[in-house]
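What follows is a set of notes on a single structure, which appears directly below.
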Amino acid sequence: MGTTDIGSEDRIEMTAPGGAHGIFSGISGFGFLIDAPPGASIREMLKDIIGLDDDYIRDSIGTILYNGKPVDDMDAWKIGKNASIAVSAALPGVFGAAFRKQGKYAGLRPVCDQDNSSPGEADPACENEKPSVVLKLFNQSDRDIAPGLLANGVRMTAKSFCAFWENRLRLTGPANIRIGLNGRPVAPEALCRGIETSSVLVRLRSGDA
Amino acid sequence: MDKILRINMGPGGEPTSRTEAVGDYAGLGGRGMTSAIVAKEVPPTCHPLGEDNKLVIAPGLLGGTTGAMSGRGSVGCKSPLTGGIKEANSGGQPAQMLGRLGYAALVLEGKPKDDTLYMIRISSDGVEIKAAPALKMKGNYDTVENLKNEYGDKVSCISIGQAGEMKLASATVAFTDMEQRPARHAARGGVGAVMGAKGVKAIVIDDTGASMRSPKDPEKFKAANRAFVDGLKKHPVTGQGLPAYGTNVLTNVVNEAGAYPTYNFKTGRFDGASAISGETQAETITARGGKATHGCHRGCVIRCSGIWHDKDGHYLTKQPEYETVWSHGGNCGISDLDTIAMLDRLDDDYGVDTIEMGATIGVAMEAGLVEFGDAEGAINLVKEVGKGTPLGRILGSGAAVTGKAFGVERVPVVKNQSMPAYDPRAVQGMGVTYATSTMGADHTAGYAVTANLLGVGGNVDPLTPEGQVELSRNLQYATAAIDATGMCLFVAFAVLDQPETFQAMIDMINSFHGLELTGDDVTALGKKITKMERDFNTAAGFNKTDDRLPDYFRKEALAPHNVTFTVSDDDLDTVFSDL
Ligand code: SF4
């Protein structure tokens with residue numbers, strides 16, 4: 001798995017018994033910020049940056065959306081600036097069939113998306129910089145991939161993190177968890193008030209709460 | 001299942017019942033049975049709430065057996081919402097019990113002489129019909145609690161809430177689940193209003209003493225059932241995604257794809273989607289001590305359902321499904337799962353369709369009755385329905401009536417029935433099905449993506465409008481066939497991908513009934529059901545102008561992909577040109 005350099009953003013460290021992912025289940029649906037190499041294909045990003053192997057990509061990923069559009073050929077699509085990439089396991093229903101990668105029911109998608117079976121061009125403006133991609137992992141992909149990214153530390157916009165955190169607090173409370181913000185302990189309810197930067201680095205550790 | 005129970009609620013006398021041989025309807029089950037009886041016996045131009053309409057409740061072909069996934073029950077009639085034929089189906093225990101008691105169908109006919117409210121008890125000892133004044137204007141939960149006190153906790157119940165008694169066009173028929181809660185509903189098209197018009201508040205089914213139906217070839221049936229279950233368990237959708245997250249697994253991805261109807265179908269993305277997603281829902285359920293994986297009836301091995309607890313850890317409702325989370329969530333700008341669960345509970349208790357109710361609240365929000373995102377306002381509007389106030393009666397009559405009453409142009413209905421949770425501009429093939437389904441806008445009508453396996457995929461390029469039309473047609477036939485088996489439609493995912501699972505499903509039917517059906521026969525059955533339904537609708541006055549989406553889907557581009565619905569009317573008119 002790739003790690004993310006600690007930059008100038010606020011650092012959030014969560015410590016939970018066994019590194020329990022439970023309370024963080026679904027967090028990656030709010031969007032992780034990933035630095036992708038210029039001109040990388042979607043497959044390269046999934047393999048080299050996220051650390052997935054070919055078998056997982058082939059067997060366990062049912063749908064990939066690039067800026068909301070279904071991707072059939074992940075080698076041909078190059079990552080552009082500010083892209084959003086969503087990864088999901090197989091999905092039910094006509095929607096799941098229509099948006100499945102290389103699915104035979106692609107005709108059920110909107111007409112405009114059929115143009116997107118052709119490769120995306122790398123944004124020339126991105127050739128010499130690392131485009132920061134918003135990566136969203138849904139359902140089983142979240143369960144399989146997010147814990148590793150969180151253990152290494154992953155960036156999110158402060159807005160996305162707080163949308164996740166405040167919703168989680170409202171629904172179930174903080175559970176058995178210890179929280180540090182830039183190395184200082186902070187109460188769960190006060191966490192988002194203490195964030196001052198526009199993006200945050202979130203790390204989940206295993207240990208006594 | 002060789003008999004049909006007919007209960008005549010009048011006219012001019014006391015309700016009477018008679019049992020007759022299944023006769024011409026032999027070999028039919030589920031939607032095949034309900035649509036055949038309605039098509040043959042109900043005058044298409046009759047008033048849906050009048051004495052000539054009939055309410056038919058039928059288990060599937062494998063109802064009452066040990067076959068996996070086979071316990072869904074169909075409810076059919078002429079719909080008060082659409083004015084056409086209707087089949088709505090539900091999980092829960094009643095269909096299994098009806099099957100075990102030997103009934104291929106229960107038909108409520110006629111009209112009571114006055115406003116007496118009745119309950120019916122069906123058991124191995126026979127049929128008892130009696131007045132039930134104590135149940136008047138009770139919600140489904142109280143109704144079932146009363147029946148449980150009287151008949152014990154082993155019976156199952158079919159009931160209506162206040163909405164059914166008021167004969168509102170969004171009223172449902174509730175089926176009790178394994179925990180004897182009225183949380184499963186034959187929801188669409190106002191079937192509960194027809195039950196209300198028959199004066200029947202509840203049907204108690206007691207299968208004490210009845211045994212499982214036995215197959216013609218028990219060994220073959222057992223082997224086929226095992227292969228079928230194995231197929232469901234190994235498929236990633238039926239073995240993993242649905243059990244873990246339920247149907248709400250779709251929220252995040254549909255939203256990301258820009259196909260999530262938001263703010264009454266104004267845009268295709270909702271900022272609050274992740275907060276109400278299946279992932280968030282499953283974790284919340286688990287943390288509160290509910291159940292994130294649960295079957296809606298015995299014999300379900302997928303178990304896409306669950307049990308939702310409130311913040312104090314007490315049962316509130318079943319796990320709200322994707323369609324419900326959308327209709328009361330993103331469609332109304334609400335991003336709080338507790339509010340959505342409360343709305344689901346109220347809908348189930350009053351007995352209203354969660355899709356229709358959520359779409360109606362969206363229209364009411366567009367009309368300015370309350371603001372988008374106003375959770376308390378939405379709850380209060382639904383409570384109006386339960387109270388039966390004039391406003392509540394308008395809302396309970398559905399989105400089309402509400403749109404007319406409040407002068408709203410953007411009303412997402414086809415044949416007066418509200419669209420579900422996929423914007424047809426972003427999933428065009430779904431739009432074709434919404435437009436042309438015999439049922440009104442219905443996502444399940446073309447749900448069974450089995451077309452290729454059924455050998456009816458044809459050679460049309462699916463990327464063309466003709467291809468979308470062909471796909472929609474085939475999906476509608478396949479769905480009608482699966483609805484006739486009484487199997488949950490969600491088996492379709494495994495059947496789509498795994499030919500051996502499809503074969504196992506056919507083997508189950510064949511070995512149980514001693515038949516030699518092939519895939520082609522299954523397709524032919526779906527086609528026959530669809531034709532009966534189309535013919536009924538035509539005789540009821542429908543024509544091709546009813547097979548259309550509202551105009552604004554062609555004119556207003558849907559963000560973020562700025563798409564409109566582009567399948568032409570001419571193409572829509574060819575969907576059923578082979579019938
Ligand atoms: S898969 Fe879901 S809807 Fe189907 S029978 Fe099982 S619990 Fe009910």
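Let's see how each residue does on (1) away from every other protein chain (no Cβ under 11 Å); (2) part of a loop (DSSP other than H, G, I, E, B):
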| site | (1), (2) |
| --- | --- |
| B:Ser214 | yes, yes |
| B:Lys220 | yes, no |
| B:Gly258 | no, yes |
| B:His297 | yes, yes |
| B:Cys300 | yes, yes |
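Here A:Met74 meets each of (1) surrounded by 23 or more Cβ atoms within 10 Å (Cβ to Cβ); (2) more than 10 Å from chain B (Cβ to nearest Cβ); (3) at pLDDT 85 or above with one exception, condition (1). Name the residue, out of A:Thr157, A:Thr197, A:Thr172, that is among the polar types (S, T, N, Q), outside the structural domain of A:Arg58 (by TED's automatic domain parsing) and within 17 Å of the chain's Cα centre (by Cα). So the residue among A:Thr157, A:Thr197, A:Thr172 that is among the polar types (S, T, N, Q), outside the structural domain of A:Arg58 (by TED's automatic domain parsing) and within 17 Å of the chain's Cα centre (by Cα) is A:Thr157.
Screening B:Pro112 against (1) under 23 Å from B:Lys86 (Cα atoms); (2) crowded, with 24+ Cβ neighbours inside 10 Å leaves a single unmet condition, (2). Residues in segment B:36-60 that are in contact with a Leu (Cβ under 7 Å, 6 or more places away or on another chain) and under 18 Å from B:Gly110 (Cβ atoms): 3 in all. Regarding segment B:532-544, can at least one residue be identified that is buried (at least 22 other Cβ atoms within 10 Å of the Cβ), under 18 Å from B:Ser70 (Cβ atoms) and away from chain A (no Cβ under 14 Å)? No, segment B:532-544 has no match at all.
One residue alone among A:Pro92, A:Pro17 is over 19 Å from the mean Cα position of the chain (by Cα) and either within 9 Å of chain B (Cβ to nearest Cβ) or modelled with pLDDT under 75 (or both), and that residue is A:Pro92.
A quick yes/no check of all residues on (1) aliphatic (A, V, I, L, M); (2) surrounded by fewer than 24 Cβ atoms within 10 Å (Cβ to Cβ); (3) outside the structural domain of B:Gly64 (by TED's automatic domain parsing); (4) within 16 Å of the ligand (Cβ to nearest atom):
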{"residue": "B:Val254", "(1), (2), (3), (4)": "yes, no, yes, no"}
{"residue": "B:Ala257", "(1), (2), (3), (4)": "yes, no, yes, no"}
{"residue": "B:Ala273", "(1), (2), (3), (4)": "yes, no, yes, no"}
{"residue": "B:Ile276", "(1), (2), (3), (4)": "yes, no, yes, no"}
{"residue": "B:Glu279", "(1), (2), (3), (4)": "no, no, yes, no"}
{"residue": "B:Ala282", "(1), (2), (3), (4)": "yes, no, yes, yes"}
{"residue": "B:Arg298", "(1), (2), (3), (4)": "no, yes, yes, yes"}
{"residue": "B:Val301", "(1), (2), (3), (4)": "yes, yes, yes, yes"}
{"residue": "B:His309", "(1), (2), (3), (4)": "no, yes, yes, no"}
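Scanning segment B:481-491 for residues that are farther than 21 Å from B:Lys531 by Cβ and assigned to a helix (DSSP H, G or I), which turns out farthest from the ligand (Cβ to nearest atom)? If we take residues in segment B:481-491 being farther than 21 Å from B:Lys531 by Cβ and assigned to a helix (DSSP H, G or I), then B:Val491 is farthest from the ligand (Cβ to nearest atom). If A:Asp144 meets every condition in (1) more than 11 Å from every other protein chain (Cβ to nearest Cβ); (2) under 21 Å from the mean Cα position of the chain (by Cα); (3) surrounded by fewer than 18 Cβ atoms within 10 Å (Cβ to Cβ) apart from one, which number is that one? Just one mismatch for A:Asp144, condition (1). I'd like the residue in segment B:243-256 that is facing another protein chain (nearest Cβ under 8 Å) and out of contact with any strand residue (DSSP E or B) (no Cβ under 9 Å at 6 or more places or on another chain) and, out of all such residues, is nearest to B:Ile509 (Cα to Cα). My answer is B:Leu250.
For segment B:554-573, a residue qualifies if it is out of contact with any helix residue (DSSP H, G or I) (no Cβ under 7 Å at 6 or more places or on another chain), at the interface with chain A (Cβ under 9 Å from one of its Cβ atoms) and within 18 Å of A:Tyr66 (Cβ to Cβ), and the qualifying residues are B:Pro560, B:Asn562. From the list B:Ala359, B:Ala287, B:Ala375, the lone residue that is under 25 Å from B:Lys167 (Cα atoms), away from the ligand (no atom under 16 Å from the Cβ) and hydrophobic (A, V, I, L, M, F, W, C) is B:Ala359.
The values are calculated or read from the model by the stated rules, or taken from the named source; none is laboratory data. The structure presented is a predicted model; accordingly, all values stated were derived computationally and were not measured. Glycine gets a Cβ as well: all are built from the backbone with ideal geometry, and neighbour counts include every protein chain shown.
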